[in-house]
1. Could you please report the charge total around Gly44, scoring K, R as +1 and D, E as -1 over all other residues with beta-carbon less than 14 angstrom from its beta-carbon?
2. Using a simple charge model, +1 on the beta-carbon of Lys and Arg, -1 on the beta-carbon of Asp and Glu, nothing else, what dipole does the stretch 42-191 show about its Cα centre, in debye to the nearest 20?
3. Provide the net charge surrounding Ala251, with neighbours chosen by a C-beta distance below 12 Å and charges set as Lys +1, Arg +1, Asp -1, Glu -1.
4. Subtract the Cα-Cα distance of Ser347 and Cys191 from 0.36 nm times their separation in residues, and report this length gain in nm to one decimal.
5. Nearest 10 degrees, 0 to 90: what angle lies between the long axis of helix 222-233 and the longest principal axis of the chain (Cα atoms)?
6. With the Cα gyration tensor of the stretch 237-310 in hand, convert its eigenvalues to equivalent ellipsoid semi-axes via √(5λ) and list them largest first in whole Å.
7. How far is helix 374-389 tilted off the main Cα axis of the chain, in degrees rounded to 10, range 0 to 90?
8. Taking amide H positions as placed 1.01 Å from N in the peptide plane, with prolines and chain starts having none, which residues 5 or more places from Leu393, or on another chain, fall under 5 Å of its amide H?
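Read-outs throughout are calculated quantities, based only on the coordinates presented, and are distinct from any laboratory measurement. Keep in mind that what you see is a predicted model, and the values were worked out from it rather than measured. Here the Cβ positions follow ideal geometry from the backbone for every residue, glycine too, while neighbour counts run over all protein chains shown.
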Amino acid sequence: MAFLMYTKSNSSVKRILLEARRINLRLGHLFSDDCAMSSCEKKGLVLGVYDGDCDQPVFTKAAQKFNDHIGGKLYDLVKASGPDLINEGNAKIFTNLCNDFWVVSIAGLGKMKRGYDEIEAIDEGLEAVRVASAIGSLKAKRNGATRIFVEGMGYPEQAAEGATLALWRYQENKSREHWKPIPTVEMYDECDTDCFQRGLFKAESQNFARRLCDTPANQMTPLHFAQETVNELCPCGIKVLVHDKHWIENARMNAFLTVARGSCEPPVFLEISYCGGPTDQKPILLVGKGVTFDSGGLCLKSCDYLERFRADMTGAAAIVATIRAAAALSLPINLEACIPLCENMPSGMAMKCGDVVTALNGKTIMISNTAHEGRVILADALCYGQQIHNPRLVIDVASLTTGIRASLGSAACGVFCNSQTMWSQVRKAGVITGDRVWRMPLWKFFTKRVTRYKTHDVNNMGTGHGAPCLAAAFLQEFIECVDWIHFDTGGVGFKSEHKFYPYLYKGRMTGRPTRTLIQLLYQLACPSEGQRDFKS
């Protein structure tokens, strides 16, 4: 089974995607179906204000220009609102200021001239803009705005990200008449349209990953995921090959098949190719865990939180969304992706504790815990991708362990890397996007605990504590002599359980770390165009 693709030049991709946004082609339904283009549309405006000396409000350039346009009325209203408004995370709505806008939302940016905080590993200035645009846009939406104009606040890319992420909602399974319209997001009084558009592409890609992860498992089976990938990537000129179970058997991916055999849903193996760089340039290999539902197999997970494991394909979703963004941004880079898709279910055919299988590179794997299936399917995908594509860098993304959630929570994505240079790039990407990363150890201490067995080569559980490190040590046994980055999204990729990030809706999937992956590829493809310099 294979879906055939067609190819378009990279120069036409932006035009295609801009048109897709305009006609609402399932990018999180950024545009509402009825209100956005109707004659009764209500425009909202989001402006920023800083906390100056002695708690005095200081407008951004766009806000000051608007204030001058209406005769200084806005400054008087902000001043009368008290000092709390100008603090980061606050916003207030004003109406009847001018005929052009139904509502004007003033969002606080906190102190001026904030930048990179080495201890927090984040650029506080960029994050303040992201938060302000998010809260300001939500306030405007709740007050009836159907078309929201957002000023750049000094960083138009981050302003576009915050607004677009905050306004997204998953409502595909609600009756159509109960859908809440989602306003359009447009730029206001900003000359840097490329940066604003880049922010839109990044945020829309993350919203796409959020939709894939939030879709129930009966609607997002391996085959459905493959079809969604074809629907989204092929119009962008990206080559997608969908391989069925017969092909997987011929490829001798025994480890992958061992996990998949417990489910009635047939496994699928995706190969995705994006060719944006020179033909002689070695590609970057992306490998994503695509378990569309993880019950734990015979080692059944607790039913208290089993429902969230419909999103155990956060790695696969983030990679598909990242490749889509790479095409939208016309990145001059070559990418190859290998995504194994299956379910992990208990049945008479399910893998059993103590089973031993042989991976594609000839190493034997003992299944000591059937709930640790992700690393088993990734073993074959990593071997296949390296054998076929000869990459210069391997990046895998997987919600591999609950241990990473216990140690880092949703504060940062755990990253394992065998290259200091690559780690510096990953860390920089996390700082810029506000979707932080934290480096975890790849010590021989952990390697010994997954490999020192008399009856088999590698154990999928290992011995001792440090589950995320043991999982990474397992994967490293299937990495050849090449730079490698492993993202463990077990803490950041599932539901957002608090309101720490105002632009990520509580109770819904996050789509993380999509923007960090996009930013990383952007840095690798365009090293001379980095936004800022950070200490490594």
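1. Net of charged neighbours comes to +3.
2. Dipole about the Cα centre, nearest 20: 920 debye.
3. Result for the neighbourhood of Ala251: -2.
4. The span from Ser347 to Cys191 would gain 50.2 nm if fully extended.
5. The answer is roughly 50 degrees.
6. After diagonalising the Cα gyration tensor, the semi-axes are 31, 17, 10 Å.
7. Result, in degrees: 90.
8. For Leu393, whose amide H was placed from the backbone, the distant partners under 5 Å are Leu285.
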